[in-house]
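Chemist: Have a look at the structure that comes next, please.
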Amino acid sequence: MKTIIKHENLTWISLFSPSAEEVAEISKKYTIHPLVAEELISLTMRPKVDVYAGILYLILHFPFVTVPKQPEISHEIDFVIGKDFLITAHYLPAQPLEKFIQGCKTQESFRKQYFGKNASFLAISILKELYNITIRQLDTMNIKINKVEKMIFEGEEKKMVKEISMLKRDVLDFQTTLYPHESVLSSLEETYIENKKKQKDFFEKDFEHYLNTIIGEFTKIKNSIKNSKDTLETLRETNESLLSTKTNEVMKVLTIMAFITFPLMLLSSIFGMNTVNTPVVGIRGDFWIIAGAMLTATTGMFLYFKKKKWL
């Protein structure tokens, strides 16, 4: 599916799961390199940045939640940046990007805001919006982490084992998807510096400012992921410690109970033996004598544990 948005001298072509025919048509019109055209047709596993004659080709992946309480899915978004055109391609429904496209398509204010300069500015604006969506998702995750912390100290340690594991999975998904952006942005910065030294005019004169803005957004995301990861690791250790302490307390109580009831079991076994000359058994008040002995032995064991401060 193809969406074309024009404003002044700038054209944005958005492709959703593009067909070979659509890519061939666009490649012919905008002189897209055959390697770029080939990659636009199918998914690419790794992000990258390449510079060809007259265009900049950028591939990035973003983690978007498509179904509530389900793992994030990595969405590939390709950018082909030319002098007076921008081509984007995505292969799975990406609500944040589609919302941005719809806004630019239907609202004149959007087009004036984002199409007013050049293709580089439009591409950076889209990236910034995608990074902002990512930051909001991380903020939502941090709210869940704070809730888990609260529940841990309210005695819900056992329930939080699964919650912590699921949150760690989500953080790992974000890290796996977004951390490669660092090398791509670094390569893009090096490419810009190299072109600047060679005095090539591919990049706009204010592209450096746009690039620094987007690198700053990525740095926020990277720090947020790291903080979330460290917090979850600390919470996991705390939760395991509390669970272990609670288990040890239960085992301690059970052990003490076993030792306290040991005299009862021993005396009942002795006096329960079917022998001819069992002491006490058969005399007047034998039941009360045996019960008193049991009570005395149990009390003695209890006082012993108390003295040792095991209770």
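The values are calculated or read from the model by the stated rules, or taken from the named source; none is laboratory data. Quick caveat, the model's predicted, so the values are computed rather than measured. Ideal geometry is used to build each Cβ from the backbone, glycine not excepted, and the neighbour counts take in all protein chains shown.
Chemist: Within the stretch 44-56, track down each residue that is within 32 Å of the chain's Cα centre (by Cα), free of Cβ contacts under 8 Å to residues at least 24 places away in the same chain and within 13 Å of residue 80 (Cα to Cα).
Modeler: 50
Chemist: Where in the stretch 104-199 are there helices (runs of 4 or more DSSP H), lying wholly inside it, with at least 2 residues that are of a type in the set (A, V, I, L, M) and surrounded by 15 or more Cβ atoms within 10 Å (Cβ to Cβ)? Please lay out each step first, then the result.
Modeler: Working: elements: 108-114, 119-152, 157-178, 181-197.
Answer list for the stretch 104-199: 119-152, 157-178, 181-197.
Chemist: Here's another thing I want to ask about it. Looking at residue 284 and the list (1) basic (Lys, Arg); (2) in a loop (DSSP other than H, G, I, E, B); (3) within 60 Å of the chain's Cα centre (by Cα), which single condition is not satisfied?
Modeler: (3)
Chemist: Being of a type in the set (A, V, I, L, M), in the same structural domain as residue 180 (by TED's automatic domain parsing) and in contact with an Asp or Glu (Cβ under 8 Å, 6 or more places away or on another chain) narrows it down to one residue among 43, 86; which is it? Let's see the steps before the verdict.
Modeler: Working: 86 fails: in contact with an Asp or Glu (Cβ under 8 Å, 6 or more places away or on another chain).
Of 43, 86, the one residue that is of a type in the set (A, V, I, L, M), in the same structural domain as residue 180 (by TED's automatic domain parsing) and in contact with an Asp or Glu (Cβ under 8 Å, 6 or more places away or on another chain) is 43.
Chemist: Of these, 167, 188, 178, which one is at pLDDT below 90, aliphatic (A, V, I, L, M) and out of contact with any Cys (no Cβ under 6 Å at 6 or more places or on another chain)? Give the derivation first.
Modeler: On the way: 167 fails: at pLDDT below 90; 178 fails: at pLDDT below 90.
Answer to the selection: 188.
Chemist: Scanning the stretch 215-255 for residues that are among the β-branched types (Val, Ile, Thr) and over 25 Å from residue 130 (Cα atoms), which turns out surrounded by the most Cβ atoms within 10 Å (Cβ to Cβ)? Write out each step before concluding.
Modeler: Step one: of the stretch 215-255, the residues among the β-branched types (Val, Ile, Thr) are 215, 219, 221, 225, 231, 234, 238, 245, 247, 250, 253, 255.
Imposing the further condition that a residue be over 25 Å from residue 130 (Cα atoms) reduces the set to 234, 238, 245, 247, 250, 253, 255.
Numbers: 234: 11, 238: 16, 245: 11, 247: 11, 250: 10, 253: 11, 255: 12.
Only one residue fits best here, namely 238.
Chemist: Only one of 265, 294, 273, 301 is out of contact with any helix residue (DSSP H, G or I) (no Cβ under 6 Å at 6 or more places or on another chain), hydrophobic (A, V, I, L, M, F, W, C) and surrounded by 10 or more Cβ atoms within 10 Å (Cβ to Cβ). Can you tell me which? Spell out how you get there, then give the answer.
Modeler: Values: 294 fails: out of contact with any helix residue (DSSP H, G or I) (no Cβ under 6 Å at 6 or more places or on another chain); 273 fails: surrounded by 10 or more Cβ atoms within 10 Å (Cβ to Cβ); 301 fails: out of contact with any helix residue (DSSP H, G or I) (no Cβ under 6 Å at 6 or more places or on another chain).
Answer to the check: 265.
Chemist: Among 5, 26, 32, 13, which is in a helix (DSSP H, G or I) and surrounded by 15 or more Cβ atoms within 10 Å (Cβ to Cβ)? Steps first, please.
Modeler: Numbers: 5 fails: in a helix (DSSP H, G or I); 32 fails: in a helix (DSSP H, G or I); 13 fails: in a helix (DSSP H, G or I).
None of the other options fit; the residue is 26.
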